[in-house]
1. Give me 163, 67 ranked fewest to most by other Cβ atoms within 10 Å of their Cβ, as a rough exposure proxy.
2. Between region 25-101 and region 115-148, how far is it from one alpha carbon centroid to the other, in angstrom?
3. Sort 171, 130, 34 by Cβ crowding within 10 Å, fewest neighbours at the top.
4. Report, in cubic angstrom per residue, the convex hull volume of the C-alpha atoms of region 46-183.
5. Taking region 107-183 on its own, what percent of its Cα-Cα pair distances exceed 14 Å?
6. By counting other Cβ atoms within 10 Å of each Cβ, how are 33, 104 ranked from fewest to most?
């Protein structure tokens, strides 16, 4: 989720850095880094957003299970009662089964399809958290005079001295702000 979005940005940043490498060597570039995966795990608002999302997903799973039970029940009725039903009644049961199957499959697609509600809700929830993290990272980078901030979760940072790690400060600032705002 978060790391995937930041990963593509980190790749772009790596390309920019390599293009600017001759200029960067001449200048005293101040760097920092964060671990966005750790921030996501330890930031209270991110944890709450994840919990809300998981509750919503569980509700969707429960609803899908109920729809699947209806399909199974109708399928069983058609199989067991089909031979003894009149042609008209059998056709009605089969149509009911097809409607239930269509509804179930449509529900699954609506929720878990590529543009489904689960993906949209996840994007919305993580987007808000990512924006909060970005604001805090930019603020800390500005206060410390940093020109570049990397994300270790993206896999592009091979080594960095811990003194450049902004992660604990970002988490502390985000959680302090979250508590102060009464979230």
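Taken together, the values in this text are just the output of simple stated rules run on the coordinates, not laboratory data. Here the structure is a predicted model, which is why all the values come from computation and not from measurement. Don't worry about glycine lacking a Cβ; one is built from the backbone with ideal geometry, like all the others, and counts go over all protein chains shown.
1. On the way: 163 6, 67 18.
By the 10 Å Cβ count, ascending: 163, 67.
2. Each part's Cα centre sits 27 Å from the other's.
3. Least crowded to most crowded, the residues run 130, 171, 34.
4. Working: hull volume 20.5 nm³, N = 138.
It comes to 148 Å³ per residue, whole-number rounded.
5. 72
6. In order of increasing Cβ crowding within 10 Å: 104, 33.
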